[in-house]
1. Sort 42-49, 21-28 by the packing proxy (mean of other Cβ within 10 Å over each peptide's residues), most packed first.
2. Sorting 63, 105 on the 10 Å Cβ count, fewest up front, what's the list?
3. Determine the gain in length on full extension of the stretch residue 61-residue 334; use 0.36 nm per residue of separation and subtract their C-alpha separation, reporting nm with one decimal.
């Protein structure tokens, strides 16, 4: 399992994280944005903001609705395979909330931790009442609720990397079409896009490798998790659902980025824009950001410059994509309120439930003390 999954499971368990570690990710994101602003100026950012229109917002909302439905399908399939009773409708509600929280808080993983914790708590209540199905041997409902989130997140990243690599190879083989033959551009050095993608993937892999190499606890956890992952994905039908739904999610995200690129005036051929979008999405998975901002803009600037389209165009496209991504998960705010109210009601019910037996016992004791008479 990747470093992101290990971080997710660790974050879902109560622990005190040093303040400097909590601030490191947002600080890196801010530093990247400041460096970009100094290099390209404020015009590309303004250009990205100017691209917001009713059309781009509606398209982004529609694409995000499809991607959320697909991601929820993936999560529900993995959860059910692990024995966690998660229906698709509830998964959609939780996923929208998760995306909204990820978009407004640093790190890009807080929302995922929240849904993992919520489902762990829910699985615990179900286990206490004997309401769980257990199709996988040695299932632990509380832990498997967290594993399901980690597995579906990692699966999405794996499919995203594969699709980005395939797109990059296809564009290089195609020759870049009508891209401008700028010095250092894609036509001048076709391998640059692949090299940039390889660097991004290597960075993500290195982060996970460092976490594994420096901690015996992480190594032990990794061995346990790999065994559970193999058990969860032993069913071909589940693997098919995960692969198909992940492909839909990545395609929708790439399409949203392509819409943003067109809206800010990028006129490169569509296959090139899609390949760049997929590479940017891979780089944006690095969890040192502020609501997704930082590495995404840096990667976009660098990749667009390598393709001969200019770093300013990359910053503008990424800026608009970031705004559209935030607006398109706005329904998650409604889900946040709805789930909070539902959780509050469940807590009240749980708190009041023990009162009934205690009251009955008290009445029985009182009746016994009075010899069973009634007034």
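1. Numbers: 42-49: 17.0, 21-28: 14.4.
Highest-to-lowest ranking by the protection proxy: 42-49, 21-28.
2. Working: 63 19, 105 15.
Least to most surrounded, the residues fall as 105, 63.
3. Details: separation 273, 0.36 × 273 = 98.28 nm, distance 1.46 nm.
Separation in residues times 0.36 nm, less the Cα-Cα distance, equals 96.8 nm.
Read the figures in this text as sums done on the coordinates, not as results from a lab. Here the structure is a predicted model, which means the values were calculated and not measured. Please note: Cβ atoms are built from the backbone with ideal geometry, for glycine as well, and neighbour counts cover all protein chains shown.
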